[in-house]
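Just below is one structure, and these are the notes that go with it.
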Amino acid sequence: MRQLIIAGNWKLNAPEIKDYVSKLSAAPDGVRIVIFPPFTYISEMARYPEVIERQNKMKIEVGAQDVSERDSGAYTGEVSAAMLRAAGAGYALIGHSERRRYHGETDGAVQRKVKRALDAGLRPMICVGETESERAGGETLRVISAQITAALDGLSPEEISLVAAAYEPVWAIGTGVSASPIDAQNACRAVRGAIGARFGAVSAELPVLYGGSMNSANAAELLAQLDIDGGLIGSASLDAPQFCEIIKIAAELAASEES
Ligand code: 13P
């Protein structure tokens, strides 16, 4: 049975945490939930009894939106993987297109961050995605395959089994226009295929999420695709009732696939 992951990336936003967590704790079982709040909210979130209770059942986890590629030293503004782990993070989002675009994050930096995260016990969720012009030029599958291959360079098979990937077309993020289910499926299959070409059968088990204007209206069609193992959700994750609705859709899908 597929384990679906519904992840919320809050970016530079923070709903009222106590209220959000209490609404989220009522979400149905059967789906893995990961919340990526800004750094300063990680320890607060990770300590709520509702989160701890569900974390113990491996249902709700807290993650960081970025991680330093360094362990320590004179790097003002950076937060290390070990610090994030100590704060209660279980995941780290790495290589989000907003980091690549606004902070000049290269494939090399993404690869080093992935390694640092794994060394500290964080599960990396690696984001890949093409821009509008790359899409128009028919470059989508080449671009995302190259990004994921570079990000995983040098990892062992054991490390690969701890990784998740997220296909997030840049043109779909925050625009209200998601990729069509079939395009998202083809891209997620290409991400899995690139991992399989390098690391073999483990790619079949590796979660590949879709992100980019996913909401409660389009989640069912996207999540029903064979190679889409969940959603990485920005704006719709800020609204706890809508986010719970997406979790419910995923839980029903998982249950129907099981039967
Ligand atoms: P939106 O859901 O707001 O398009 O954001 C997607 C995203 O970037 C998640 O990481």
Filter result for the condition that a residue is surrounded by fewer than 19 Cβ atoms within 10 Å (Cβ to Cβ) and of a type outside the set (Lys, Arg), over Ala146, Ala164, Ala172, Ala184: Ala146
Options Ile144, Ile148, Ile94; residue that is touching a Lys or Arg at 6+ places or on another chain (Cβ under 7 Å) and among the β-branched types (Val, Ile, Thr): Ile94
Filtered residue count, the range 219-247, keeping only those that are touching a Cys at 6+ places or on another chain (Cβ under 7 Å) and under 22 Å from Gly63 (Cα atoms): 1
Matching residues in the range 151-179 - criterion: being within 15 Å of the ligand (Cβ to nearest atom) and either part of a helix (DSSP H, G or I) or free of Cβ contacts under 8 Å to residues at least 24 places away in the same chain (or both): Val170, Trp171, Ala172
Per-region count, the range 68-103, residues of a type in the set (Val, Ile, Thr) and in contact with an Asp or Glu (Cβ under 9 Å, 6 or more places away or on another chain): 2
Scan of the range 201-221 for residues that are modelled with pLDDT of 95 or more and over 23 Å from Phe243 (Cβ atoms), ordered by number: Leu206
Contacts under 8 angstrom Cβ, first residue in the range 210-234 being at positive phi and more than 11 Å from the ligand (Cβ to nearest atom), partner outside any loop (DSSP other than H, G, I, E, B) and among the aromatic types (Phe, Trp, Tyr), 6 or more apart: Gly230/Tyr210
Residue ID - modelled with the lowest pLDDT, chosen from residues in the range 61-82 that are among the aliphatic types (A, V, I, L, M) and under 26 Å from Ser25 (Cα atoms): Val62
Meets criteria (within 16 Å of the ligand (Cβ to nearest atom), modelled with pLDDT under 95 and under 29 Å from Leu152 (Cβ atoms)) for Ile33: yes
From Ala201, Ala109, Ala120, Ala179, residue being surrounded by 24 or more Cβ atoms within 10 Å (Cβ to Cβ) and either under 15 Å from the mean Cα position of the chain (by Cα) or not β-branched (Val, Ile, Thr) (or both): Ala179
Any helices (runs of 4 or more DSSP H) falling wholly within the range 83-138 and containing at least 2 residues that are touching a Leu at 6+ places or on another chain (Cβ under 9 Å) and either within 16 Å of the ligand (Cβ to nearest atom) or more than 17 Å from Ala194 (Cβ to Cβ) (or both): 107-119
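The values are calculated or read from the model by the stated rules, or taken from the named source; none is laboratory data. Nothing here was measured: the structure is a model prediction, and the numbers come from that model. Note: ideal-geometry Cβ built from the backbone for every residue, glycine included; neighbour counts use all protein chains shown.
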